[in-house]
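Report on the structure given below.
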Amino acid sequence: MILRLPYLLTKLRPQRPPPTSLAEVVGALPDDDRLALFKALSNDDCEELLYDWQFWARPGQLAPSGNWLCWLVLAGRGFGKTRMGAEWVKEKACLVAGLGPVLCAGHKKTPVRIALVSHTFADGRDVMIEGDSGILAQSPPDARPKWEPSRRKLTWPNGSTATLYSSEEPDQLRGPQHHFAWVDELAKWRAAYCKPSGVGDIRANAPRNEIYLRVFV
Ligand SMILES: Nc1ncnc2c1ncn2[C@@H]1O[C@H](COP(=O)(O)OP(=O)(O)OP(=O)(O)O)[C@@H](O)[C@H]1O
Ligand SMILES: [Mg+2]
């Protein structure tokens, strides 16, 4: 379906690349065009669309291309930083056998381990995992991870896992190995040296304090 929607949009507006999100492009269409577009989609397509980040994301909310190690999102209140993190984690967790095409070189068909690092455990639980923009709310029912608060662990149906860490207990990050990490609200951390070990890609959200920025940039 995700392949069909841009195709239909191209037919409606040839030569015009989406200036914002695909959702905003669709929203700005004349009523008749918008109706025609959705009539071409099945009910399943429409339901899938609800969770399709490629459809909803503004261009600045998608991960940069290329072989980057750390992606820093420095933006104002309500920009959609937490949502970006949750969507990025979903993508990394699901793009393995059974839930998507491939993950990335070296991790094909292998469940991945992801570190979720927040200021406190409560912040991570309430915002990154259970919040409106968090992983559970933004996951479709058939690819929603199981959340075990006592183990601070999410487990996807394909075996990928994400473990929640707190900047207040940085030593918990010593030992475990992860393929990826998502850090939310880095500037709230007191322990700036709390960097996940064995991490391939790191993304961090909304630092308020330049000192913390320098740790990552
Ligand atoms: N591209 C988008 N399309 C639709 N809704 C979006 C999009 N990006 C973010 N949102 C929604 O906007 C709201 C705010 O997003 P989010 O909580 O991620 O912002 P934030 O930058 O983390 O905010 P804060 O500064 O409070 O931490 C959420 O409901 C989120 O789901
Ligand atoms: Mg946020």
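Readers should treat all values here as calculations from the given coordinates under stated rules, not as data from a laboratory. Predicted model, so just to flag it, every value in this text is computed and none were measured. Note: ideal-geometry Cβ built from the backbone for every residue, glycine included; neighbour counts use all protein chains shown.
Cross-link check: pairs 39/81; 39/90; 92/153 evaluated at a Cα-Cα cut-off of 21 Å; pairs beyond the cut-off: 39/81; 39/90. A straight chain from residue 42 to residue 63 at 0.36 nm per residue would run longer than the Cα-Cα distance by 4.7 nm. Between residue 169 and residue 146, the simple spin-label model (points 7 angstrom out along Cα→Cβ) gives 2.2 nm. Loop-located chymotrypsin sites (Phe, Trp or Tyr not before Pro) in segment 17-98 (DSSP state not H, G, I, E or B) with no more than 15 neighbouring Cβ atoms inside 10 Å: 68.
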